[in-house]
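Nothing in this text is a laboratory measurement; each read-out follows from the coordinates by a stated rule. Since the model is a prediction, treat every value here as computed from it, not as a measurement. All Cβ positions, even for glycine, are placed from backbone atoms using ideal geometry, and neighbour counts span all protein chains on display.
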Amino acid sequence: MTIKKILIVDDSPTDREFLSTVLTKNGFKVTTADSAEDAMVKVKQSRPDLVLMDIVLPGQNGFQATRALTRDEATKTIPIILCTSKNQETDRVWGLRQGARDYIVKPVNQAELLAKISALG
């Protein structure tokens, strides 16, 4: 699967802008959501090739949203990379158990992010 469309889910306007800029410069089509609830709607509407999901979000958290998306027949094939400031090993393990394909810690290293996306593609 070629990854072209990416949905960034983050409640921080600064992080959304940074990730959008990096990905757009590298040829990806980017959409954003500022909450898990908004992301759930956008994933079903736009069918992105990848979701970059923050964990700490207002309302439903990224773990819950990841679990819901990966267990839904309509969205379970869309890979999710958790992109978060939570850098504990227990968080990484829990995130992968919820169905995430990978985990990256903020501040995001551009080369690492692009390599993880490329590995999924």
Original post:
Could you give every pair whose Cβ atoms fall below 9 Å, whose first residue belongs to the stretch 56-67 and is within 15 Å of Cys83 (Cα to Cα), and whose second residue is surrounded by 15 or more Cβ atoms within 10 Å (Cβ to Cβ) and aromatic (Phe, Trp, Tyr), counting only separations of at least 6 or pairs across chains?
Top reply: Phe63/Trp94
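Does the stretch 97-114 hold any residues that are in a helix (DSSP H, G or I) and either in contact with a Gly (Cβ under 8 Å, 6 or more places away or on another chain) or of a type in the set (Gly, Ala, Ser) (or both), and which are they? Lay out the reasoning, then the answer.
Going through the stretch 97-114, the residues in a helix (DSSP H, G or I) turn out to be 97, 110-114.
Scanning the stretch 97-114 gives a single hit, Ala111.
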Original post:
Are any residues in the stretch 58-94 over 17 Å from Leu120 (Cβ atoms), within 11 Å of the chain's Cα centre (by Cα) and not in a helix (DSSP H, G or I), and if so, which ones?
Top reply: Thr84
Original post:
Can you pull out the residues in the stretch 14-41 that are farther than 17 Å from Phe63 by Cα, in a helix (DSSP H, G or I) and in contact (Cβ under 8 Å) with a residue 12 or more places away in the chain?
Top reply: Asp15, Arg16, Phe18, Leu19, Ser20, Val22, Leu23
Original post:
Can you tell me which residues in the stretch 1-13 are outside any strand (DSSP E or B), over 11 Å from the mean Cα position of the chain (by Cα) and touching a residue at least 24 places away in the same chain (Cβ under 8 Å)?
Top reply: Met1, Thr2, Ile3, Lys4, Asp11, Ser12
Subject >> From the options Ile117, Ile55, residue that is touching a strand residue (DSSP E or B) at 6+ places or on another chain (Cβ under 8 Å), under 19 Å from Thr32 (Cβ atoms) and outside any helix (DSSP H, G or I) >> reply: Ile55
Subject >> Residues of the stretch 1-13 satisfying the condition of being surrounded by 12 or more Cβ atoms within 10 Å (Cβ to Cβ) and either in contact with a Leu (Cβ under 6 Å, 6 or more places away or on another chain) or closer than 18 Å to Gly59 by Cα (or both) >> reply: Ile3, Ile6, Ile8, Val9, Asp10, Asp11, Ser12
